[in-house]
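Contents: one structure, followed by commentary.
Please treat every number below as a calculation from the coordinates, not as lab data. In this text the structure is predicted, and so the values were computed from the model without any measurement. As a convention, Cβ positions derive from the backbone with ideal geometry for all residues, glycine included, and neighbour counts pool all protein chains shown.
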Amino acid sequence: MSQTFRLWQNAWRDDPEASVILELPEDWIVTEYRMPADNRKPLTGEELADRIRHPVGMPSIRSLAAGGREAAIVFDDLSRGTPAGVLVRLVIEELLTGGLGREHIRLLCALGNHAPLTRADFVQKLGEELVEQFPIYNHNPYENLVCVGTDRFGDEVLVNREFMQCDVRIGVGSVSPHPMNGFGGGGKLIFPGLAGIRTTHANHTRREFRPFSPEPCGLRRDIETMTEMVMPFFKIDAILNSRLEIVELRAGEPRQEHRQAVALSMELNGMHRAEGTRDVVFVNANAKYNEALIAIRIAAMDLKPGGDVVLVNHCPAGQVVHYLYSAFGSDYGGGCWQPYDRRPRSEIGRIIYYTPYPDVASRMSLSEPDKVVFAKTWNQVMSLLRAHGPETRASVITDGTISCFLPS
C-alpha cells in the first residue's frame, strides 16, 4: 500500500482535470498542506458580476464608461493563474452597458519584463472569442512609454503609452502571497506590469522587501504611489484555489480593494505549519507554473537543513524569460541578474525537479542551479529519494506559488 496525493497541473491546459498523483511509501510520515481556499466553492458568474458591479472607493465600470471615450482592459500574463477570460468578458459587458462602443475597447497584456505572448498564448489566457473580437497588445517595457512623474528618489516613472491614452482604465488580476512584495495584486499589475524597464529596475533594486506579509513594504508603497499617478484606474483582484478557480473577489480603487483582497488571501491562501521540519518537501508549482522559484521559497520554510525539495512542475513551456532577472549568457544576464557564486545560499540539500520537460535554462532560473537534479518520471523521483528510508518525515504543499505559511 502507498499514500497518494493529487496535485493539479491544469494551468493553461485544455483539460481542467489535468493532475499528477504522488505515491509515497506507507511508512513515511506525511503532512499535507491544503489551502482553506480549496474548501470553498468557486464563485458563480452572477456572484463575480455582483462584486464587480459594487466596487469599493470609486464609481462603477458602467459609470466610468458613460463618461469615457476609450477603454483599456489590462490583464496579467501566463505567469499568473488568473482565469482572466471570464473576468474580461464581464468587464466588457459593463462597458457596453455603460454606453462605450466595442470599437473603443482594447486589451493590454501586462507582461512586466517578461517575454511577449503569442496569439496561441492569448487564446489560452482569454479564449478564442475575445482574441477574434478585440485588439490585444503586448506591453513593451523598452519603447512606447510616457513619463507620468518621478518617484521618491527622483527616477522617472514610465508607463505604457496606449494605457495612458485611454481615459477608462481597468485591470484584471489576482492576489496571492508573494516572496518580495508581501502580496501581489493591486497596482502591481501596472508597476511593473505596464512599466518601463528603467522604472522597474529602479524600484526592484532598492530591495525594500517584506516576504509574505500583509503590511506594505517599501516596494509596495512605491507601487501605490506610482499607481496614484495613473488614476483613475479600476482594479479587479481574484483569490484562487489550487484548481485555479475564483473563490473570492474584490474590485474598485486599487489601494482599498487590495487591502480587502489581501485580508481574504491571508484567510484563504494561508496555511498553519505543523511542528518540526521535514526530510523531504514536495511542492507543487501550478498557478505560477513558469515562475516556480516562488514555490521553492515556500518549501524551504518546512525543510530541515540538508533536506530535499521535490518541485512538481509539468510545464512544457519551461520558465519565463525575464529581461531583468534571466541569464542571457554563461556569465551575464538582465539588470538584476546575479552571478551564481554571489547568490545567497540556502540550507536546501537538493532540488529534485520533477518534470517531463527538463531544460538547462529552467535549472538556471532557480537561484541555486548546482542543486537542481531533473527527474522525468515518478520512478526516477523515488529512486533519488531511496536513501531517506522508512519513517521519513515529509510534507506535500498543494500549490506553493499562491500560498504561504502564516506566522505562528
Exercise. From the square roots a ≥ b ≥ c of the eigenvalues of the alpha-carbon gyration tensor of the range 45-268, which class results: rounded (a/c under 1.5), prolate (a/b over b/c), or oblate?
Worked result: rounded
Seminar exercise, completed: By the mean-Cβ-within-10 Å protection proxy, highest first, 167-174, 27-34, 189-196 rank as 189-196, 167-174, 27-34
For this session: Putting +1 on Lys and Arg Cβ atoms and -1 on Asp and Glu Cβ atoms, find which of H201, Q319, I29 reaches farthest to the positive end of the dipole of the chain.
Result: H201
For this session: Please give the contour-minus-distance gain from N379 to A361: 0.36 nm per residue of separation, less the Cα-Cα distance, rounded to one decimal in nm.
Result: 4.1 nm
Seminar exercise, completed: Checked the range 275-333 with the C-alpha gyration tensor, a ≥ b ≥ c its square-rooted eigenvalues, rounded below a/c of 1.5, otherwise prolate if a/b is larger than b/c and oblate if not; verdict prolate
Seminar exercise, completed: Residue-ordered couplings for the range 36-50, obtained by feeding phi - 60° into the Karplus form 6.51 cos²θ - 1.76 cosθ + 1.60 and rounding to whole Hz (Gly and Pro as x), are x, 4, 6, 9, 9, 6, x, 5, 6, x, 5, 5, 4, 4, 5
For this session: Could you let me know the centre-to-centre spacing of the range 169-242 and the range 341-404, using Cα atoms, in angstrom?
Result: 29 Å
Problem set entry | Gained length - F209 relative to S19, 0.36 nm times residue gap less alpha-carbon distance | 65.1 nm
Exercise. Hey, rough spin-label estimate for E228 and C336, points 7 angstrom out along Cα→Cβ, what's it come to in nanometres?
Worked result: 2.3 nm
Exercise. Among R102, R345, R297, which one moves the most in a GNM of the chain with springs linking Cα atoms closer than 10 Å?
Worked result: R345
For this session: Tabulate in residue order the Karplus-calculated ³J(HN,Hα) for the range 248-257, using 6.51 cos²θ - 1.76 cosθ + 1.60 with θ = phi - 60°, rounded to whole Hz; enter x for Gly and Pro.
Result: 7, 7, 10, 8, x, 4, x, 5, 5, 5
Exercise. Given that just one value was derived from the coordinates, which of [x] 24.2, 85; [y] 21.1, 68; [z] 23.4, 99 is Rg and Dmax of the Cα atoms in Å?
Worked result: [y]
Exercise. Is the range 132-239 rounded, prolate or oblate when judged by the Cα gyration tensor, a ≥ b ≥ c being the square roots of its eigenvalues, rounded requiring a/c under 1.5 and prolate requiring a/b larger than b/c?
Worked result: oblate
Exercise. Length gain on complete extension for the stretch R69 to H104, per 0.36 nm per residue less the alpha carbon to alpha carbon distance?
Worked result: 11.9 nm
Exercise. In the structure shown, do any of K125/K371; K125/K188; K41/K288; K41/K125 have a Cα-Cα gap over 25 Å, and if so which?
Worked result: K125/K371
For this session: Using only the alpha-carbon atoms of the range 63-163, report the extent along each of the three principal axes, biggest first, to the nearest angstrom.
Result: 42, 34, 20
For this session: May I ask you to evaluate 6.51 cos²θ - 1.76 cosθ + 1.60, the Karplus curve with θ = phi - 60°, for each residue of the range 399-407 and list the ³J(HN,Hα) values in order in whole Hz, giving x for glycine and proline?
Result: 7, x, 9, 10, 10, 7, 8, 6, x
Problem set entry | Simple label model, 7 Å out from Cα along Cβ direction - E46 to E347, nm | 5.3 nm
Problem set entry | For G333, residues with placed amide H under 5 Å, excluding near neighbours | F328
Problem set entry | Separation in nanometres of the label points that stand 7 Å from Cα toward Cβ, at R259 and L406 | 2.1 nm
